[in-house]
Amino acid sequence: IDMLKSMHGTPYWMAPEVINESGYGRKSDIWSIGCTVFEMATGKPPLASMDRMAAMFYIGAHRGLMPPLPEHFSENAVDFVRHERPSAAQLLKHSFLTRSH
């Protein structure tokens with residue numbers, strides 16, 4: 001029940017497994033969170049310089065290798081959007097979210 005087999009969403013935020021139609025699960029949502037944080041930080045989604053189809057092929061072919069945040073972002077932010085996908089529980093404990101301001 002964790003995986004669904006259908007493609008929904010905008011290519012720039014699609015996880016590799018969604019593009020490759022190998023299923024959709026919680027990890028796919030974590031991917032989208034990383035893309036959303038990337039867009040909030042930079043003003044555009046990862047791979048926005050590519051057209052939609054090129055971005056889909058890139059994500060599907062590279063299996064999750066996404067461009068990093070630009071160098072001027074904090075190490076915490078860069079680590080938060082890295083290509084590895086932790087669980088939601090792990091992300092909630094990440095220093096990017098928990099550090100005091």
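Computed over the stretch 11-98, relative contact order equals 31 percent, with contacts defined as Cα pairs under 8 Å that lie 6+ residues apart.
Select from P46, S74, H94 the residue farthest towards the positive end of the dipole of the stretch 11-98; place +1 on Cβ of Lys and Arg, -1 on Cβ of Asp and Glu, and compute about the Cα centre. Going by the charge dipole, the pick is H94.
Shape analysis of the chain places it in the oblate category; the axes a ≥ b ≥ c from the Cα gyration tensor give an a/c of at least 1.5, with a/b not above b/c.
Angle between the Cα long axis of helix 26-42 and the longest principal axis of the chain, 0 to 90 degrees, nearest 10? Once rounded, one gets 60 degrees.
Here M14, M53 are placed in order of increasing Cβ neighbour count within 10 Å, fewest first, which gives M53, M14.
Could you give the size of the charge dipole of the chain about its Cα centre, using +1 on the Cβ of each K and R and -1 on the Cβ of each D and E, expressed in debye and rounded to the nearest 20? Working shown, then result.
On the way: 10 positive and 10 negative charges, 31 e Å.
The calculation lands at about 140 debye.
Each reported figure results from applying straightforward, stated rules to the coordinates on display, with no laboratory input. Because the structure is predicted, anything quoted here is derived from the model rather than measured. Glycine gets a Cβ as well: all are built from the backbone with ideal geometry, and neighbour counts include every protein chain shown.
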